[in-house]
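For reference, the structure discussed in these notes is given below.
Bear in mind these aren't lab numbers, they're just calculated from the coordinates by the rules spelled out. Source: prediction; values computed, not measured. Here Cβ is always computed from backbone atoms with ideal geometry, including for glycine, and neighbour counts include all displayed protein chains.
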Amino acid sequence: MATIALTAGPASSAGADVLVIGAAQSARADRAVVVVGTAEPALRRLAGALAALGMTGAVDEVVKIAAPPGVKAGLVLVTGLGPRRRSYDGETLRRAAGAATRALAGTDRVVLALPAATSAEVEAVALGAVLGAYSFNRFRAASSARHREGVRAIALVSGAEARTARSAIARSRVLGNAVCLARDLVNTPPNVLTPRRFAEIAAELAAGTDLAVRTLDDKALRRGGYGGITGVGQGSANPPRLVRIAYRHPKATRHLALVGKGITFDSGGISIKPAAGMDLMKSDMGGAAAVLATLTAVARLRPAVNVTGWAPMAENMPSGSAQRPSDVLTTYGGRTVEVLDTDAEGRLVLADAMVAALEDRPDVLIDVATLTGAQQVALGARTGAIMSNDDDLRARVHQAAEAAGEAMWPMPLPDELRKGLDSSVADIANVDTARLGAMLSAGIFLREFVPDDLPWAHLDIAAPAFNRGPGYGYTPKGGTGITVRTLVRVVEEMAAGRL
């Protein structure tokens, strides 16, 4: 990940390969754009040249221009902030900074002079810049020279008080590291990131921190009665795991349980998926990646709340030992499930882990999962879904997502859909064969494993966990790390007594 620090003095005198400034859409008829974030005349006068180059100041727009006399950097990159405002919200600043650093891949040192007069603005600019500088070239060999690494060093010009600005940058560094960790895990090919390897990575990350990691292997899972996880994983040569990651604070009075779906590759099993797009199923562990990454951030931020993360890990493969449609398995806790569709496997591993999480007596339970293709049909490629058995929790998770700059939307859990999950031979079926409200019925299935009096939220991030198109703002192609920032904010809200 790129380094980031505060720099003193005017932007024009900062030593860097590229100086980044912002431009907004002007409300004046005689001026297309106006330079914002700096009062230096040499930089503000660039507005005319930018207009001549056709810049509009739109969000995600970037224009490179030769540095004018008096500016030490050799090149100026101008990033769009949208309509001109007295102040800019955090997501606008994150996207502007991220679009800039993403466009500058291969650059050694970049200085940003964007609106950053408050600690919130400093954090937004710094985090956007770090996330935009992300690259994933670990598996390139002969082609490595053709693929540039992200920006190596970022310096930020700020009008905020120095101590406040440094604190905001430090926080952005923690969040950036966590999001990039989740991205790395999602991008890692499934022949490398097996359930066993994920468990090893969790233990490696916990070493030297306040995190405690415990892993159940396939033998322990079978002995313990985790029929959902073992049923999904029994068709693979890579056996399943259940990873528990615990953070404890001596002054905590509240406890949050996080459960993340960890299917390291999803072929669909016997109910096999179409070949087209199956390669993207390495991302089916995006929920587990988000939970692990969130815990690493929590361990560094040290909020006064207890957090336990659960990552049920399995590979869903077709083979002679794989579970079959019409099999009945017994989940942890004793509930039986008729497996009508082996490609609806995520809810099976989540059910086991959610019931296990209840044994720690959490005050709130949240699960995160790349669960249904129906999520993308309902909400598109960039927006995740929030479902809950508690209206207040659903609203507060939504507020946390908005504050973090992650697109999530509240969805219902209609009671009338429950009948579609009735089984003729078991307690419940894993799918409604009518396929009505498939995203919602998946949430209703999970609700069956949660006590009515425990506030629980289900986040379906099937589409936004992996960006299939070109990058935008601070979001790269591939793994996005979505929900890490939301979950960290939820943790901090609980620590502050607001949730």
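Just a few scattered comments:
- When shorter helices are ignored and each DSSP H run of at least 4 residues is given -39500 (n - 2.57), the per-residue value for the chain at 222 nm works out to -10000 deg cm²/dmol.
- Taking every C-alpha pair closer than 8 Å and separated by at least 6 residues, the mean separation divided by the residue count of the chain gives a relative contact order of 15 percent.
- Ranking 303, 280, 462 by Cα position along the charge dipole of the chain, where only Lys, Arg, Asp and Glu carry charges on their C-beta atoms, puts 303 farthest toward the positive end.
- Between the range 28-99 and the range 160-200, the C-alpha centres lie 29 angstrom from each other.
- Sequence-distant residues sharing a close amide H with residue 360 (under 5 Å, placed H): none
- Computed over neighbours whose Cβ is under 14 Å from that of residue 422, the net charge equals -3, Lys and Arg +1, Asp and Glu -1.
- Proximal charge balance of residue 17 [Cβ under 14 Å; K/R count +1, D/E count -1]: +3
- Total formal charge among the other residues, if their Cβ is under 12 angstrom from that of residue 217, Lys/Arg +1 and Asp/Glu -1: +4
- Highest-first packing order for the peptide set 193-201, 7-15 is 193-201, 7-15, based on the mean count of other beta carbon atoms within 10 Å.
- Largest-first principal axis extents of the Cα set of the chain (Å): 78, 50, 44
- Qualifying trypsin sites (Lys or Arg not before Pro) for the range 450-499 [loop in DSSP, other Cβ within 10 Å: at most 12]: 468, 498
- Relative to the Cα centre, the charge distribution of the range 193-495, modelled as +1 at Lys and Arg Cβ and -1 at Asp and Glu Cβ, gives a dipole magnitude of about 860 debye.
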